């Protein structure tokens with residue numbers, strides 16, 4: 001059974017994932033690999049934002065979007 005309920009092209013699965021992992025730029029096909037990649041990337045983002053480049057003043061939607069795209 002599918003773990004996601006998406007009907008558009010965003011609902012495509014990664015090859016060899018057994019319909020458990022959505023298609024992604026990294027070619028990750030297992031849930032464990034995806035969990036690990038997400039943790040590593042999130043840690044990198046946190047280090048960049050909170051230790052190196054935290055913006056002064058109010059946060060804006062544009063800033064949040066730029067963080068999301070990293």
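A few comments on the model shown:
- Counting neighbouring Cβ atoms within 10 Å and putting the fewest first, the residues 40, 49 line up as 40, 49.
- Within the chain, the ratio Rg/Rh, alpha carbon atoms throughout and Rh by Kirkwood, equals 1.10.
- Axis of helix 31-46 versus longest Cα principal axis of the chain: the two differ by about 10°, to the nearest ten degrees.
- Working from label points 7 Å from Cα in the Cα-to-Cβ sense, the residue 37 to residue 56 distance is 3.8 nm.
Each value in this text was obtained by applying a stated rule to the coordinates, not by laboratory testing. Keep in mind the model is a prediction, meaning the values are calculated, not measured. Reconstructed Cβ throughout: ideal geometry from the backbone, glycine too, with neighbour counts over all protein chains shown.
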